[in-house]
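Colleague: I'd like to ask some things about the structure below.
The values are calculated or read from the model by the stated rules, or taken from the named source; none is laboratory data. This is a predicted model, so every value here is computed, not measured. We place every Cβ from the backbone using ideal geometry, glycine too, and count neighbours over all the protein chains shown. Heavy atoms of the whole protein, side chains included, go into the accessibility calculation; ligands, DNA and RNA do not. Shrake-Rupley method; radii C 1.70, N 1.55, O 1.52, S 1.80 Å.
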Amino acid sequence: MSADERIVPVLLAGGSGSRLWPVSRDDMPKQFQPLTGELSSYQETCKRVSDKQLFAEPLVITNETFRFFARRQAESVGTKPLVVLEPARRDSAAAVAAAAVLAERQNPGGLVLALAADHIVLDNDLFLAAVSRGAEAARKGRIVVFGLTPTEPRTSFGYISPGKPLYGHDDLFEVAKFVEKPDHGTAMGYVKDGYLWNSGNFLFRSDVMIAEFQKNAPEILKAVTAAVDNGAEDLGFLRLEKTAFEQSPAISIDYAVIEKASSIAVVAGKFRWSDIGSWDAIWEVTPRDEADNAVLGAALLMDTRGSLVQSQDRLTTVIGMEDVIVISTEDAVMVAPKAQAQKVKGLVESLKDAGHREASLHPGEHRPWGSFKTLANGERYHVKRITVNPGGILSLQKHFHRAEHWIVVKGTAEVTCGEDIKIVHENESVYLPLGVVHRLANPGKIPLEVIEVQTGSYFGEDDIVRLEDIYSRK
């Protein structure tokens, strides 16, 4: 397959995923979390479209908060995407419109595969077979959706009624109609009548999708095209222009275009799939033991069946339970019957209303250069663990209210302290007096870990005077 015929994957990675709290939170949502194994669903999606014969390098559409993290996670699995930054939340229609416009300018009339980065696919070969089948219809001008044969009458999914077969295939159909999330009785009827689950992933020619936007949602296309036209490159990212982008209505691609488009096809995929929209869905796609328990992390279960237990940073034990979800993180624990997993979203809203920072924020905070986590604090001290990625450089800065003491526990640090620049190795330390201009960098090939002890009268992040910053922060 020539380069011009390759499919451009588009990974939609801007969601929040509050139903998977406390692991998924606003500051680092589910698509970037390793919920079912060592890799996140975003990384798994990057790997799924990594065949350079079939796919071009992907476009990733996400928001400002996740830009460096999205690029690092993609690069860790061998992918080098163009990361496109949405300046405001506008749901999936604006994101898909931006992808279509960018892809059309890169390769007019080329194929685009829009994928939700927070979905799980367990059979990559069968997934690629479905994409290849759909490509035949997409090249002929149809927008192709991917349907899955239901295993049960789920009320949390949309459904597709397949129409007549296309091109002599028994797994490619016209779409007779789309139906939204049904009640249980209606869903049972859909399963009996051969309806398919709607996976919410699409394959299309870029010019065809643009034409459908022009016909069905011209205000979205106008706003997004202006945002692309006036976008700017920023440290290797493409930042869409904010004022124009905000003119786009906030609506899903399904409502804006897909359900109104004139020529839609559906591939009946044979791969196992989940939108991992809730903890019971995680249980379904996670390997289970002989007692039907899915266990991730440090956990011990006794006389427990049919349950999901996920434990981070601590030992979690469960005795005598059945069909429950137990999620234990460093700063929060959530326990619920599996049948009530959908109520977690409401729990998060209640936590936010009550002012709990744990509803939205993890204990650790991510930065362009790495991350840090608070270990201890008191009236006159604050202790953090700082992790700096290889090549990461913190800003050249100073503080008015605190001094700092850095102890290197892993890797090698390059430390600027006033006029001096020194290399600090493992088990060595350096003192930074109050007011001194300083900087921390990792010149090595492995992550740098530093214990930072702050002493003083005020430790807020707003007591950072940045004099120079390679990430253009103020």
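Colleague: Set Lys and Arg Cβ to +1 and Asp and Glu Cβ to -1, take the dipole of the chain about its Cα centre, and tell me which of S262, S472, H425 lies farthest positive.
Modeller: Working it through, the farthest residue towards the positive pole turns out to be S262.
Colleague: Something else now. Just the number, please: Stokes-Einstein D of segment 8-274 in µm²/s, Kirkwood Rh from C-alpha pairs, 37 °C, 0.692 mPa s.
Modeller: Rounded, D is 176 µm²/s.
Colleague: Once you place label points 7 Å from the Cα toward the Cβ at A176 and R72, how far apart are they in nm?
Modeller: 5.0 nm
Colleague: What length, rounded to one decimal in nm, is gained on full extension from L467 through to K222, with 0.36 nm per residue of separation minus their alpha-carbon distance? Don't jump to the answer; show the numbers that get you there.
Modeller: On the way: separation 245, 0.36 × 245 = 88.20 nm, distance 3.94 nm.
Taking 0.36 nm per residue and subtracting the Cα distance, the gain is 84.3 nm.
Colleague: Another one. I need the calculated FRET efficiency for the pair A403 and K164, taking r as the beta carbon distance and R₀ as 56 Å, to the nearest 0.05.
Modeller: 0.15
Colleague: Please list L434, L361, L113 in order of solvent-accessible area, largest first, computed with a 1.4 Å probe with all protein chains present.
Modeller: L434, L361, L113
Colleague: Can I ask one more? Positive end of the charge dipole of the chain (Lys, Arg +1 and Asp, Glu -1 on Cβ, about the Cα centre): tell me which of S395, N230, P9 has its Cα farthest that way.
Modeller: Value: N230.
Colleague: Mind listing P(r) for the chain? All alpha-carbon pairs, 10 Å bins, whole percents.
Modeller: 4, 18, 26, 25, 17, 8, 2, 0
Colleague: Rolling a 1.4 angstrom probe over the protein chains, ignoring ligands and nucleic acids, what is the accessible area of V144 in square angstrom, nearest 10?
Modeller: Rounded to the nearest 10, that gives 0 Å².
Colleague: Give the separation of the Cα centroids, segment 404-469 to segment 10-75, in Å.
Modeller: The two parts, judged by their Cα centres, are 30 Å apart.
Colleague: Turning to a different aspect of this structure: Can you give the % of DSSP beta bridges in segment 288-359 that are antiparallel, to the nearest 5?
Modeller: Antiparallel bridges make up about 30 percent of those DSSP assigns within segment 288-359.
Colleague: Using only Cα positions of segment 350-474, each an equal point scatterer, no hydration layer, compute I(q)/I(0) via Debye at q = 0.20, 0.21 Å⁻¹ and quote the log10 values to two decimals.
Modeller: -1.21, -1.32
Colleague: Now for a different question. From a point 7 Å beyond the Cα of E428 in the direction of its Cβ, which residues of segment 394-411 have a backbone N at a distance under 11 Å?
Modeller: 408
Colleague: Could you look at segment 364-468 and say what percent of its accessible area is carbon and sulfur, using a 1.4 Å probe and all protein chains?
Modeller: Values: 2700 of 5230 Å².
Percent of accessible area from carbon and sulfur atoms in segment 364-468: 52.
Colleague: Oh, and also: Rounded to the nearest 20 Debye, what is the dipole magnitude of segment 8-274 about its Cα centre when Lys and Arg each give +1 and Asp and Glu each give -1 at the C-beta?
Modeller: Charge dipole, segment 8-274, about its Cα centre: 220 debye, nearest 20.
Colleague: Give a quick list of GluC sites (Glu not before Pro) in segment 173-240 that DSSP marks as loop, anything other than H, G, I, E or B, with at most 12 other Cβ atoms within 10 Å.
Modeller: The qualifying sites are E180.
Colleague: So, with +1 on the Cβ of K and R and -1 on the Cβ of D and E, and no other charges, what is the size of the charge dipole of segment 288-359 about its Cα centre, to the nearest 20 debye?
Modeller: 220 debye
Colleague: Dipole magnitude of the chain about its Cα centre, charges +1 at Lys/Arg Cβ and -1 at Asp/Glu Cβ only, in debye to the nearest 20?
Modeller: Computed charge dipole of the chain: roughly 580 debye.
Colleague: I'd like the GluC sites (Glu not before Pro) in segment 1-84 restricted to DSSP loop residues with at most 14 other Cβ atoms within 10 Å, sorted by number.
Modeller: When the GluC sites (Glu not before Pro) of segment 1-84 are filtered for loop state and at most 14 Cβ neighbours within 10 Å, E38 remain.
Colleague: If you restrict to DSSP beta bridges whose two residues both lie in the chain, what percentage is antiparallel, to the nearest 5?
Modeller: 70 percent
Colleague: Okay, moving on. Going Cα to Cα from K260, which aspartates and glutamates come in below 16 Å? Please leave out same-chain ones fewer than 8 positions away.
Modeller: Hits, sequence-local ones excluded: E174, E180, E212, E219.
Colleague: Tally the DSSP beta bridges in segment 8-274 and give the antiparallel ones as a percent, rounded to 5.
Modeller: About 55 percent, rounded to the nearest 5.
Colleague: Still on this structure, I have one more. Working out 0.36 nm times the residue gap between N124 and T149, then minus their Cα-Cα distance, what length gain in nm do you get to one decimal? Display every interim value, and only then the final one.
Modeller: Working: separation 25, 0.36 × 25 = 9.00 nm, distance 1.67 nm.
My answer for the length gained is 7.3 nm.
Colleague: Something else: Hey, if we sort H366, H399 by accessible area with the 1.4 Å probe, largest down, what's the order? If you can, show how the numbers build up before the last one.
Modeller: Values: H366 80, H399 5 Å².
The residues order as H366, H399, largest area first.
Colleague: In terms of modelled amide H atoms, which long-range or inter-chain residues lie less than 5 Å from the amide H of E86?
Modeller: T62, N63, E64
Colleague: Here's something else I'd like to know. Only helices at least 20 Å long along their axis, Cα-based, and averaging -0.5 or more on Kyte-Doolittle count here, so list those DSSP H runs from the chain.
Modeller: On the way: long enough: 91-106 (24 Å, 0.68); 124-139 (22 Å, 0.18).
Qualifying helices, which must be both long enough and hydrophobic enough, are 91-106, 124-139.
Colleague: Mind giving me the FRET efficiency for E64 and V437? R0 is 41 Å, r the Cβ-Cβ distance, nearest 0.05 is fine. Before the final figure, lay out each step's value.
Modeller: On the way: r = 28 Å, r/R0 = 0.67.
The calculated FRET efficiency here is 0.90.
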